[in-house]
Amino acid sequence: MSPLMMECEAEAMKLLPAERATLAERLIASLDEISDDQNEQLWLNEADRRYREYKKGQMSSRSAKAVLCDTRAAII
């Protein structure tokens, strides 16, 4: 994450929950303004970034089985 993005996130976290929700809605809506190709490239970049962090040991992981068990427990 870039320093600017980290700063923006820190500032956003200071907002009241309702203000953060409004900001989130606006940010999500702004994604509708990009083409499908641009959106796909953004997701590919994000997946690549996460994979690199995982491989460097900078991101924890969980097995699919553990995630599914937790999900089932949460909805039952």
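The values are calculated or read from the model by the stated rules, or taken from the named source; none is laboratory data. As the structure is a computational prediction, the values presented were derived from the model and not from experiment. Cβ atoms come from the backbone with ideal geometry, glycine included; neighbour counts cover every protein chain shown.
Details
- Residues within region 40-56 that are over 14 Å from the mean Cα position of the chain (by Cα) and not acidic (Asp, Glu), tallied: 5
- Selection count where residues are surrounded by fewer than 10 Cβ atoms within 10 Å (Cβ to Cβ) and part of a helix (DSSP H, G or I), scope region 12-31: 7
- Beta carbons closer than 7 Å, at least 6 apart along the sequence or on distinct chains, pair a first residue in region 50-71 that is under 26 Å from Met1 (Cβ atoms) with a second that is loosely packed, with under 11 Cβ neighbours inside 10 Å and of a type in the set (Ser, Thr, Tyr) for Tyr54/Ser61.
- Taken together, the residues in region 32-47 that are loosely packed, with under 10 Cβ neighbours inside 10 Å and either closer than 15 Å to Met1 by Cβ or acidic (Asp, Glu) (or both) amount to 4.
- When Arg50, Arg62 are checked against the criterion of being surrounded by 11 or more Cβ atoms within 10 Å (Cβ to Cβ) and modelled with pLDDT of 90 or more, Arg50 stands alone in meeting it.
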